[in-house]
Structure formats: structure tokens, C-alpha cells
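Right, one structure below, let's go through it.
The values are calculated or read from the model by the stated rules, or taken from the named source; none is laboratory data. These numbers come from a predicted model, not from an experiment. Please note: Cβ atoms are built from the backbone with ideal geometry, for glycine as well, and neighbour counts cover all protein chains shown. Note: accessible area is taken over every heavy atom of the protein model, side chains too, but ligands, DNA and RNA are not part of it. Shrake-Rupley method; radii C 1.70, N 1.55, O 1.52, S 1.80 Å.
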Amino acid sequence: MDHVPERQHAAMDDLLAELTALETELHHPGATCTRTRLERLLHPDFHEVGRSGTRYTRQVVIDFLADRTSLPQVVAYDHRLERLADDVALLHFASLETQPDGTHRHAARRVSVWRRTAVGWQLHYHQGTPAQA
């Protein structure tokens, strides 16, 4: 029997929706994030380990995302959330890019550590692991 109160389920659902929306902004759904928005979304201590295994700093990620001229068609799915502390959450999901011909590439399992700060939820760490499309 589930002993978690319904309001806690609702709060987790709300947080999952909020963090999924913030994560999706980083995937460029139709518009490039501005440098200012990226600086607000990415925690000052942010770093990433990409699906290639390469480690990226906050500044490298901001420069790359802000300067993109073509926007990938990223599809993210199977989002689930773990609350690690009141101000820390782990977002799990899968993603892939859809090519103009309908084929998929860059499939990955992903995790993001989000921290609630004075400016709101910020992405602290992200990692991608190659997966089957």
C-alpha cells in the first residue's frame, strides 16, 4: 500500500513537469536559448559529461548552445524524478535526435542534477550515456 500522501505525489508531479520544461529549453524546441537565459539555467558550478564521454564546462556549454545556428530536433521521453533533498532533484530521461529524413541518431540515457537556488531551479550537472535508438 502506498503511504505517500496524495499532496506529496502532486508536488512531485508538479516538480517533474517544471524540471522537464526547464530541461526542454536546453534542447532548443524551436528557438535558441539566449545567453542570458542559459546563464540563469546553468548553475555557476555546472559541468557536463556528454554522451561521447567528454567533460564540458559551463562556459563551453553556454557558448555552444548560444551560438548554434541550426536547431536539432531533440526528442526527450521517459522522464522520471528522484528528490535527493529539498533543494536537489535528479531528473532521468532518454533522448534522441530526429533527422530530416526521419531517422534517429545520438540516442542516450540522461541524468540531470537540478538545484533550487535563490534564482530558481538551476542545472548543476548533466550526463549522457549512449543508448540504442
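For the reader, a short list of remarks on this structure follows.
- Fraction of accessible area attributable to carbon and sulfur, the chain (%, probe 1.4 Å): 52
- Per the Cα gyration tensor, the stretch 30-72 maps to an equivalent ellipsoid with semi-axes of 17, 14, 7 Å, ordered largest to smallest.
- Cα pair count fraction exceeding 18 Å, expressed as % - the chain: 57
- Whole-number accessible area per residue in Å² for the stretch 42-133, which is evaluated in the context of all protein chains at 1.4 Å: 56
- Debye, to nearest 20: dipole size of the stretch 84-133, +1 on Lys, Arg Cβ, -1 on Asp, Glu Cβ: 80
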